[in-house]
């Protein structure tokens, strides 16, 4: 496919995903409070969104503000976030990030990639999630669902697993105003239909646009 053909294919895929999932939403329950999404984004590494939501109900009950979490007892934070895995590093990261947010940014999450990457534990994936959901800007959130599924669609070789490269490629195919919603929808689609091990191709409305499926026919 040419670059334009890929762009046209992605436009149609985005259109059909919007029809399937009219309400695009973040699976992390941050309730419109940016500092909570910062924390939850960090905790979500190598952990399911469902578990992060459960853990954060207790975490945010114990520490209801970014200032409180930034000043919180590290041992208590570690114990709460233990179910998310890598709990020592994650606890230190979210405590330091909240302290930094409060002290250096007056509690207002910055709106640039450069500034967000200064926060402990924040990489491009989480930064793009924050920029997309809070400021409706930023790049493609190249998580495992996005990487797997867009490779199957034929946007790049399926063997490509580099999030930074996938982000750059997909940014060319997705207008900035739809990136955030598209990424939320592709996560839901990955859970419902296009799973890693057993994709439900027989019930998928995108098979005519899927290079992986078309090659297997």
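Some observations on this one:
- Counting neighbouring Cβ atoms within 10 Å and putting the fewest first, the residues 16, 152 line up as 16, 152.
- Residues 26, 98, arranged from fewest to most other Cβ atoms within 10 angstrom of their Cβ, appear as 26, 98.
- In region 105-217, the alpha-carbon atoms span a convex hull of 110 Å³ per residue.
- Exposure proxy ranking for 60, 25, 87, based on other Cβ atoms within 10 angstrom of each Cβ and starting from the fewest, stands as 25, 87, 60.
- Near-label residues of region 174-191 by backbone N, under 16 Å of a point 7 Å along Cα→Cβ of residue 7: 174-179
- Inter-part distance where region 39-68 and region 158-217 are each reduced to a Cα centre, Å: 27
- Principal axis dimensions, largest first and in whole angstrom, of the chain by Cα: 57, 31, 30
- Taking region 18-40 and a reference point 7 angstrom along Cα→Cβ of residue 50, the backbone N atoms nearer than 14 Å belong to 27-28.
- Helix 124-135 vs. the chain, principal-axis angle (Cα, 0 to 90°, nearest 10): 90
- Gain upon complete extension [residue 76, residue 135; 0.36 nm per residue less C-alpha separation]: 18.1 nm
- Global form of region 34-135, assessed from the alpha-carbon gyration tensor, a/c cut-off 1.5: oblate
- For the pair residue 208 and residue 188, a Förster radius of 22 Å applied to the C-beta separation gives a FRET efficiency near 0.60, rounded to the nearest 0.05.
- Working note: 222 nm ellipticity from helices only, DSSP H runs with n ≥ 4, each -39,500 (n - 2.57), summed and divided by the residues of the chain, gives -18500 deg cm²/dmol to the nearest 500.
Bear in mind these aren't lab numbers, they're just calculated from the coordinates by the rules spelled out. From a predicted model like this one, the values you see are computed outputs, not experimental measurements. Here Cβ is always computed from backbone atoms with ideal geometry, including for glycine, and neighbour counts include all displayed protein chains.
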